[in-house]
Amino acid sequence: MRRKFDFYIVPTPIGNISDITFRAIEVLKEVDIIACEDSRVTQKLLNHYDIKTKCISYHKYNEKERVDFMLNFIKEGKTVALVSDAGTPMICDPGSVLLSELKKNNIKVTSLPGACAVTTFLSQIPRDTEEFKFVGFLPKSEKQISDLYEENKYTNMVFYESPNRILKTLKTLQNKNQNIKIAIGRELSKMFEEIITDDIQNIIEHFSNSEIKGEFVCMTFAQEKTELADLKDKISKLKEKRFKSKEITEIVSTLYDVNKNDIKNLLY
Ligand code: SAM
């Protein structure tokens, strides 16, 4: 049967092999080729569902050189499905380079709904607001992580993290602000799935007591904005108690995570 589209973006399970749609299996069976990150990973899925379609590699190191091959292949009337090792392609996985070229060449592209660690995680974290910002994997240095948190502290910031970095990242965030509330989703849809929501100190203690394994999605909850009028009131009370300006600045900036210069402006 001739399919309606030339190129299909197909999500695959993020842990539990049953988390794939009937339509995804149908498409993977019917396309002419499957572009995958690691054929050993994808082949296990294909074997499980008795999918005989051939795979070619498509990963971040050969993205550019694969583009011409795919374009020519599709122009010959063939169809392609793109999958990643797990979850939705292009969510922290390759695909962007290829997709922008396909769009420039008016190739008919569609994406299938399906498994993704971000949505699986968020759909079981109660939040006061719908708003969130997904920042992918955090940058490497402590300064970059602190700056990113500073930029996003008033929104729910969602990120991916690896087991060998998670504890260091949590400690960096704690150094930035001790009052962060955080949610962690570990090993979603797998045997040892764990969801914890707690203050950052308790989460650090939780993970300090055992070897850290598995895959992680995390969210720092949005901080409440401290109103300026509120702060002025608190500063006046501290002044009445004869705290020195330097002490007031230290106390208020620690408790309410407000820039010290802003406090100095309110002091006089
Ligand atoms: N494309 C994938 C998706 O749709 O979620 C994400 C790929 S990214 C290279 C891999 C990262 O996603 C992992 O390091 C981890 O942070 C997160 N992740 C993937 N599967 C997960 C799971 N089952 N539980 C928690 N986090 C997961």
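Here are a few things to note about the model shown:
- Test result for L167, under 30 Å from I14 (Cα atoms), in a helix (DSSP H, G or I) and open to solvent by less than 80 Å² (accessible area, probe 1.4 Å): yes
- Residue match in the range 211-224 (condition: of a type outside the set (D, E, K, R), loosely packed, with under 14 Cβ neighbours inside 10 Å and more than 19 Å from F132 (Cβ to Cβ)): no
- Selection within the range 213-230 - touching a helix residue (DSSP H, G or I) at 6+ places or on another chain (Cβ under 8 Å) and at pLDDT below 85: T226, L228
- Members of the range 109-126 that are surrounded by fewer than 14 Cβ atoms within 10 Å (Cβ to Cβ) and more than 14 Å from the chain's Cα centre (by Cα): T110, P113, Q124, P126
- Filter result for E131 (more than 16 Å from the ligand (Cβ to nearest atom) and either exposed (fewer than 15 other Cβ atoms within 10 Å of the Cβ) or without any contact (Cβ under 8 Å) to a residue 12 or more places away in the chain (or both)): yes
- Considering residues of the range 13-43 that are free of Cβ contacts under 8 Å to residues at least 12 places away in the same chain and farther than 15 Å from S111 by Cα only, the residue most open to solvent (accessible area, probe 1.4 Å): R40
- In this structure, N175 does not qualify as surrounded by fewer than 17 Cβ atoms within 10 Å (Cβ to Cβ), over 23 Å from Q223 (Cβ atoms), away from the ligand (no atom under 16 Å from the Cβ) and not β-branched (V, I, T).
- Residues (within 12 Å of the ligand (Cβ to nearest atom) and touching a strand residue (DSSP E or B) at 6+ places or on another chain (Cβ under 8 Å)) located in the range 97-123: S111, G114, A115, C116, A117, V118, T120, F121, L122
- Looking only at the range 119-155, residues that are among the hydroxyl-bearing types (S, T, Y) and closer than 17 Å to I195 by Cβ come to 3 in all.
- Residue count for the range 134-146, restricted to those that are within 18 Å of K171 (Cα to Cα) and open to solvent by less than 70 Å² (accessible area, probe 1.4 Å): 5.
- Check on F121, hydrophobic (A, V, I, L, M, F, W, C), touching a helix residue (DSSP H, G or I) at 6+ places or on another chain (Cβ under 6 Å) and under 24 Å from N202 (Cα atoms): no
- Inside the range 220-268, residues that are closer than 18 Å to Y154 by Cα and acidic (D, E) make up a count of 5.
- Check on Y8, surrounded by fewer than 20 Cβ atoms within 10 Å (Cβ to Cβ), aromatic (F, W, Y) and in contact with a helix residue (DSSP H, G or I) (Cβ under 8 Å, 6 or more places away or on another chain): no
- Search result, residues across the range 232-265 that are in contact with a Leu (Cβ under 6 Å, 6 or more places away or on another chain) and either free of Cβ contacts under 8 Å to residues at least 24 places away in the same chain or not basic (K, R) (or both): I235, S245, I248
- Residues within the range 14-46 that are over 22 Å from M191 (Cβ atoms) and touching a helix residue (DSSP H, G or I) at 6+ places or on another chain (Cβ under 8 Å), tallied: 7
- Residue match in the range 88-95 (condition: crowded, with 18+ Cβ neighbours inside 10 Å, over 14 Å from the mean Cα position of the chain (by Cα) and either among the aliphatic types (A, V, I, L, M) or not assigned by TED's automatic domain parsing to the domain that holds I180 (or both)): yes
- Output for the range 135-147, where each listed residue is within 16 Å of the ligand (Cβ to nearest atom) and touching a Leu at 6+ places or on another chain (Cβ under 9 Å): V135, L138, P139, I145
The values are calculated or read from the model by the stated rules, or taken from the named source; none is laboratory data. Computed from a prediction, not measured in an experiment: that's the story for all the values here. Cβ coordinates were reconstructed from backbone atoms using ideal geometry, including for glycine residues, and neighbour counts include every protein chain displayed. With ligands, DNA and RNA removed, areas are computed over all heavy atoms of the protein, side chains included. Shrake-Rupley method; radii C 1.70, N 1.55, O 1.52, S 1.80 Å.
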